[in-house]
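Please read the structure below before turning to the comments.
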Amino acid sequence: VDVKYIYPMANNTGFTDFDLLPFIETVDGSPSFPVSMLTVSIITAMTWHYIYVISTEAFAERKKGARIVGLLHAVWATVASLYALYFHDDTPLLSTPTSICTVLGPSKIIFAATLGYFSWDVFICFKENWTIDFKIHGVFCFAVYCIGSITHSMHRWGLIMLFYEF
């Protein structure tokens, strides 16, 4: 009997590696969505909300506070993506990669933090009753980065797409 089949986390080291979605197989064989990535996503979403609350107190219009959060995320995502692509990618930026299923250095953490941002973004868009285009953007970005975070694929393309948040 294969121990990995009965208990998928048997070969991992600790609670932070516990796979929350053990029924999803990843390309690299690592846990699909470990507790550590959920923790990064939740802390990131709470941090963006804290910045949002502070910035809405500074401005009379609530949407200006959300724009500050969006700008901060865009700057962070651009810098983090440039770092991961420049220092951890084997292929030149404008060339065709050999595989889309390659994790690039800290791209798992970048994806988890971006997932936290877009979960906050979807929450704010619906809570503040923003227009449909913001809601659609938030929902689709959340879905794409959720799929990328869970399946460990599309990391190179996902990092490049974060440039368009700026």
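The values are calculated or read from the model by the stated rules, or taken from the named source; none is laboratory data. Being a predicted model, the structure only gives us computed values, none of them experimental. All Cβ positions, glycine included, derive from the backbone under ideal geometry; neighbour counts span all protein chains shown. With ligands, DNA and RNA removed, areas are computed over all heavy atoms of the protein, side chains included. Shrake-Rupley method; radii C 1.70, N 1.55, O 1.52, S 1.80 Å.
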Has the stretch 110-125 got at least one residue that is open to solvent by 60 Å² or more (accessible area, probe 1.4 Å) and among the acidic types (Asp, Glu)? no
For Glu57, only one of the following conditions fails: (1) within 19 Å of His152 (Cβ to Cβ); (2) open to solvent by 70 Å² or more (accessible area, probe 1.4 Å). What is its number? (1)
For Trp48, which of the numbered conditions (1) farther than 20 Å from His152 by Cβ; (2) modelled with pLDDT under 85; (3) surrounded by 16 or more Cβ atoms within 10 Å (Cβ to Cβ) fails to hold? (2)
The helices (runs of 4 or more DSSP H) lying entirely within the stretch 53-166 that contain at least 2 residues which are touching a Leu at 6+ places or on another chain (Cβ under 6 Å) are 62-88, 132-151, 155-161
Could you give every pair whose Cβ atoms fall below 9 Å, whose first residue belongs to the stretch 137-157 and is under 26 Å from Tyr86 (Cβ atoms), and whose second residue is open to solvent by 40 Å² or more (accessible area, probe 1.4 Å) and among the charged types (D, E, K, R), counting only separations of at least 6 or pairs across chains? Cys141/Glu165; Ser149/Lys108; Thr151/Glu25; His152/Asp28; His152/Lys108; His155/Lys108
Members of the stretch 152-164 that are crowded, with 19+ Cβ neighbours inside 10 Å and at negative phi: Ser153, His155, Arg156, Gly158, Leu159, Leu162
